Amino acid sequence: MSNFLILIISSGILFVLIYLFIISESYSKKIKLRDDMIFDQISRFSIEHKHYGCKTLVAVDRELENICLIELNNIPKGLEDNSEKTFKYLKADDILQVELFEGGNSVTSSSRSIGGAVVGGALFGGVGAIVGGLGSSTKSSETVNKIQIRLVVNDKTNPIYDIDFLSVEIDKNELLFESISKQARTWYGYFEVMINNAKDNVEEIKEKDIDVITKLERLNLLKASKAISEEEFSILKKDLLGK
């Protein structure tokens, strides 16, 4: 094969690669513009953090009290500019469990309790056991083709949301894997903070309830011992209960 022919073939391959790169960049920009247009429709809180997933968009506020989950498959084609009715708005205390998966394998999880029963863990055998896991399809321990966060939320209609971070196979030694894994763990951290804050709020409410019950018992004792009148008891009781 002559050097001239090799040059022509090499130039042709280079041209094709450049063309494919330009097409890919153009498509990525188009998708980013579409996703930003969708994010701009969030009206219930100011966005501090947002995740651009291929299947699910996610936004949270600075205080980590509000969440918006947007499943792109639920948005009718051509109505991306008027799609807020398909958004799922949640409060932090709506999150019951968060679990991070790499290659279909659970890496870590966090859950909160409801009415004394722990969500997931010993009760359900982990979130993966509830719905059969995410299904591992990783070919070897050196590569991974899926990184996802699974949320279990307080919604009887749709309690499971999977947030995608990676859906193509890459080597774990690549910088891209480190970047995506770090991003997924950061979002896992956001959701874990929400769960922990919800736990603290529940404990605070319990403590207040116990305090009110204790004071009511004391009032009853004072009334029974005639230290206060029935009228005084009623006034103090209403004041205690905020009525």
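The values are calculated or read from the model by the stated rules, or taken from the named source; none is laboratory data. Just so we're clear, the structure is a prediction, and the values are computed from it rather than from any experiment. Cβ atoms come from the backbone with ideal geometry, glycine included; neighbour counts cover every protein chain shown.
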Do we find a residue being touching a helix residue (DSSP H, G or I) at 6+ places or on another chain (Cβ under 8 Å) and modelled with pLDDT under 80 anywhere in the range 183-201? yes
Output for Cβ contacts, cut-off 9 Å, separation at least six or different chains, first residue under 16 Å from K77 (Cα atoms) in the range 52-63, second hydroxyl-bearing (S, T, Y) and surrounded by fewer than 22 Cβ atoms within 10 Å (Cβ to Cβ), reads C54/S167; K55/S167; T56/Y161
Show the residue pairs that are 6+ apart or on different chains and have beta-carbon atoms under 7 Å apart, the first residue being within the range 74-96 and under 27 Å from L64 (Cβ atoms), the second being small (G, A, S) and surrounded by fewer than 16 Cβ atoms within 10 Å (Cβ to Cβ). E84/S43
Residue list for the range 140-151, filter: in a strand (DSSP E or B) and farther than 18 Å from I70 by Cβ: T143, V144, I147
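Scan the range 10-32 and give yes if some residue there is touching a strand residue (DSSP E or B) at 6+ places or on another chain (Cβ under 6 Å) and either at pLDDT 95 or above or surrounded by 10 or more Cβ atoms within 10 Å (Cβ to Cβ) (or both), otherwise no. Reasoning before the result, please.
If we filter the range 10-32 for residues that are touching a strand residue (DSSP E or B) at 6+ places or on another chain (Cβ under 6 Å), which is where we start, we get none.
There is no residue in the range 10-32 that is touching a strand residue (DSSP E or B) at 6+ places or on another chain (Cβ under 6 Å) and either at pLDDT 95 or above or surrounded by 10 or more Cβ atoms within 10 Å (Cβ to Cβ) (or both).
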Condition first: surrounded by 12 or more Cβ atoms within 10 Å (Cβ to Cβ) and either at pLDDT below 95 or touching a Gly at 6+ places or on another chain (Cβ under 6 Å) (or both). Can you find one or more residues in the range 208-215 that meet it? yes
Qualifying residues in the range 156-173 (those that are surrounded by 14 or more Cβ atoms within 10 Å (Cβ to Cβ), in contact (Cβ under 8 Å) with a residue 60 or more places away in the chain and in contact with a Lys or Arg (Cβ under 8 Å, 6 or more places away or on another chain)) - the one farthest from L100 (Cα to Cα): Y161
Taking the range 78-113 as the region of interest, how many residues are among the basic types (K, R), surrounded by 15 or more Cβ atoms within 10 Å (Cβ to Cβ) and part of a strand (DSSP E or B)? 1
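Step by step: first the residues of the range 61-77, then only those that are assigned to a loop (DSSP other than H, G, I, E, B) and either touching a helix residue (DSSP H, G or I) at 6+ places or on another chain (Cβ under 9 Å) or aliphatic (A, V, I, L, M) (or both), then the one that is surrounded by the most Cβ atoms within 10 Å (Cβ to Cβ). Which residue is that?
Among residues in the range 61-77 that are assigned to a loop (DSSP other than H, G, I, E, B) and either touching a helix residue (DSSP H, G or I) at 6+ places or on another chain (Cβ under 9 Å) or aliphatic (A, V, I, L, M) (or both), the one surrounded by the most Cβ atoms within 10 Å (Cβ to Cβ) is I75.
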